[in-house]
Every structure is written in C-alpha cells, then in structure tokens.
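Participant: Next up is a structure, given as structure tokens.
The values are calculated or read from the model by the stated rules, or taken from the named source; none is laboratory data. Remember, it's a predicted structure, so these values are computed and weren't measured experimentally. Quick reminder, even Gly has a Cβ in these numbers, built from the backbone with ideal geometry, and neighbours come from all protein chains shown. These accessible areas exclude ligands, DNA and RNA; they are computed on the full protein's heavy atoms, side chains included. Shrake-Rupley method; radii C 1.70, N 1.55, O 1.52, S 1.80 Å.
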Amino acid sequence: MERTSTLNRPTLDKHASGLINGFIGVLIFSGSLPATRVAVLEFDPVFLTVARATIAGVLALCMLWLFKEKRPARSQLLPLVIVALGVVVGFPLLTALALQYVTSAHSIVFVGLLPLATAVFGVLRGGERPRPAFWFFSVLGSLLVIGFAVSQGLTASPVGDVLMLLAILACGLGYAEGAKLSRTLGGWQVICWALVLSLPLMAALTVWRMPVSLSGITMPAWLSLAYVSLFSMLIGFVFWYRGLAQGGIAAVGQLQLLQPFFGLALAATLLHEQVSLGMLGVTVAVIVCVAGARKFAK
C-alpha cells in the first residue's frame, strides 16, 4: 500500500503543479480584455495587435538568446505557426475589433466558451479522451454563456458577438496546439518561438500602422498596451502552457471558466462598467460546471 502511494505521488504533484500554473495563467489573462478595451479607445485595433506582438516578440527573442535555446525542429514549425495564428494574431485582433462594439464585461462572458473550444481541439490535436460526463458539464457551461449572450446583447451588437466567437475558436486552437507542443519543446519556449516567428511581419506592420502622432495618447492607454504586451502576450503563456502540459489540456483548460469571474471584477472596479446580476449568475453557474468537468476530465 505504501509503495502504491509513493509511486502515485509524482503524478499527483505534477497534476497539482499543472493546476497551480494554469490558475496563475488564468489570473493574468483575466486582465486582457479590460486592458484591451481601454487601449482600443485610443489605439487602432490592428496597430494594437501588431504592436503588442512586436513588443512581446522582442522580449521573447532576448529570452531565447539569453538561455541559449535550441531552434525548433522542422516538424515543430507548423504547430508553432498554428499557435502564432491562434494566440499571437487571431485572438488579440478579433477581440480588439469586437471591443469596438461591446463592453469588456459583455465580451468577458464569452470567455466561458474557451474551455469547451480548448477541450475540443485538445481531442482533435492532442489525443486526449475525457469521459462523457466531462462533455456534459463543458457543454452545459458553454450553453449558459451562449444563453446569456443571446438574452443580453446579440440584438444590440451581432458584429461584436460574432467577432468574439471567432476569437474563442482561434484561441482554443492556439491553446491546444501550444499545450501539445510544450510537452516536447517546453512551455515558455512555445510562446517565445511563436512570437519570434511572427516578429518580422508584426514589426513591419507596426511601423506601417503607426499613428501619425502619439502625443494625444493618455497614460491609461499606454499602461494597457504594456499589460497586453508583457502579461497577456508573454508572461501569462509561460504559466498557461506549462500548466496545460503538466495537468492535461482538458482538465486544466476548464480553469478558464473562472476567468469571467475575475474579468468581470476588473471591469467593474477599474472601468466602472455595469455588471448585472445575470452576469454574476452565469459566472457562478459556469464555476460549478468547472468543478464537474474537472472531476471527469480523465
């Protein structure tokens, strides 16, 4: 009995580490949409997307050079391109465009769909096979989010909602592909190489889309750009991909259902956006779904 307990301990420790790293990543990502909302009030969405990727890409290049990391194998280049298209370009650009039409509080609720998207792509690309009960809780949580969006805002801004749905799909694919790749390449190395691969194009587009004058940009907008560049684009992924690789894409991915709760709190406190009882109710409900999906992830 003692031997079994000892043999299982490394697996349990690794799974716990995955949950901890994943939770830290979720906390960091929770500030992304509120910060993006502040930034797009003064920055063009395309410029914001390419500028944040350029800043993060330069830092990623420095990290890879400092730690003398080996270049990815040829077989790893296509997965890195998919990661870049999903989380370096796709999600930031689509959310920046969406936040021109909807508030960050409204868009944050859509993040509740991310665990389902990540789990689906985890099955398709990562080879994971969660139990049927996992899908029940995942779909239930997603339906709660969709139902809330339909009742609150689809008629008001269909463009914003469609853009958010596309952003979730892009992000889910990027998360799952990056988690699969991080098992062999390493967690922080995945996002760094994806950023470096994107850097030449992103830097060129940054210069091209640069505003004629930056003198009118306020400090909150600059701080928001700094946050989405340093934390949302780089530091958050260091923890997130490590957590997904350690604890499993399906299991740790469900922690994303907690992200709307933290995001709504930030939207209410920092941006003074209205957070309705419906938003809070949906958030609490999806947290319950997290617990259920987490239990049946393996």
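Participant: State yes or no: is Val38 modelled with pLDDT of 95 or more and of a type outside the set (Asp, Glu)? Please lay out each step first, then the result.
Facilitator: Numbers: modelled with pLDDT of 95 or more: no; of a type outside the set (Asp, Glu): yes.
No: the conditions fail for Val38.
Participant: Just one of (1) over 30 Å from Phe67 (Cβ atoms); (2) open to solvent by less than 50 Å² (accessible area, probe 1.4 Å); (3) modelled with pLDDT under 85; (4) of a type in the set (S, T, N, Q) trips up Thr155, so point out which.
Facilitator: Thr155 satisfies every listed condition except (2).
Participant: Any residue at all in region 10-20 that is at pLDDT 95 or above, under 22 Å from the mean Cα position of the chain (by Cα), open to solvent by 10 Å² or more (accessible area, probe 1.4 Å) and among the hydrophobic types (A, V, I, L, M, F, W, C)?
Facilitator: Quick first cut of region 10-20, residues at pLDDT 95 or above only: none.
There is no residue in region 10-20 that is at pLDDT 95 or above, under 22 Å from the mean Cα position of the chain (by Cα), open to solvent by 10 Å² or more (accessible area, probe 1.4 Å) and among the hydrophobic types (A, V, I, L, M, F, W, C).
Participant: Same structure again: Does any residue in region 115-130 that is among the basic types (Lys, Arg) come within less than 7 Å, Cβ to Cβ, of a residue that is at pLDDT 80 or above and open to solvent by less than 20 Å² (accessible area, probe 1.4 Å) six or more places away or on a different chain, and which pairs are these?
Facilitator: If the second residue must be at pLDDT 80 or above and open to solvent by less than 20 Å² (accessible area, probe 1.4 Å), the pairs left are Arg125/Ala176; Arg125/Glu177.
Participant: Based on what the data block shows, is Thr118 open to solvent by less than 20 Å² (accessible area, probe 1.4 Å) and more than 20 Å from Phe231 (Cα to Cα)? Outline the logic, then answer.
Facilitator: Details: open to solvent by less than 20 Å² (accessible area, probe 1.4 Å): yes; more than 20 Å from Phe231 (Cα to Cα): yes.
When the stated conditions are applied, Thr118 passes them.
Participant: Tell me which residues, restricted to region 68-98, are small (Gly, Ala, Ser) and assigned to a helix (DSSP H, G or I).
Facilitator: Listed by number, the residues that qualify are Ser75, Ala84, Gly86, Gly90, Ala96, Ala98.
Participant: Still on this structure: Return yes when Ile287 is touching a residue at least 24 places away in the same chain (Cβ under 8 Å), buried (at least 24 other Cβ atoms within 10 Å of the Cβ) and of a type in the set (Val, Ile, Thr) and no when it is not. Outline the logic, then answer.
Facilitator: Values: touching a residue at least 24 places away in the same chain (Cβ under 8 Å): yes; buried (at least 24 other Cβ atoms within 10 Å of the Cβ): no; of a type in the set (Val, Ile, Thr): yes.
Criteria not met by Ile287.
Participant: Do any helices (runs of 4 or more DSSP H) lying entirely in region 158-256 carry at least 3 residues that are surrounded by 24 or more Cβ atoms within 10 Å (Cβ to Cβ), among the acidic types (Asp, Glu) and touching a residue at least 12 places away in the same chain (Cβ under 8 Å), and which ones are they?
Facilitator: Working: elements: 158-185, 187-209, 219-227, 236-247, 249-253.
It comes to none.
Participant: Also, I was wondering about something else. Could you grab me the full set of residues in region 257-275 that are more than 25 Å from Ala119 (Cβ to Cβ) and buried (at least 24 other Cβ atoms within 10 Å of the Cβ)?
Facilitator: Within region 257-275, Ala267 is the sole residue that qualifies.
Participant: Within the set of pairs 6+ apart or on separate chains, which have a first residue in region 55-81 that is modelled with pLDDT of 95 or more, a second that is buried (at least 18 other Cβ atoms within 10 Å of the Cβ) and assigned to a loop (DSSP other than H, G, I, E, B), and C-beta atoms under 7 Å apart?
Facilitator: Leu80/Pro72
Participant: Further, regarding this structure: Taking the stated definitions as given, is Leu113 open to solvent by 50 Å² or more (accessible area, probe 1.4 Å), part of a helix (DSSP H, G or I) and more than 18 Å from Val83 (Cα to Cα)? So that I can check it myself, show each step before the final result.
Facilitator: On the way: open to solvent by 50 Å² or more (accessible area, probe 1.4 Å): no; part of a helix (DSSP H, G or I): yes; more than 18 Å from Val83 (Cα to Cα): yes.
In short, no.
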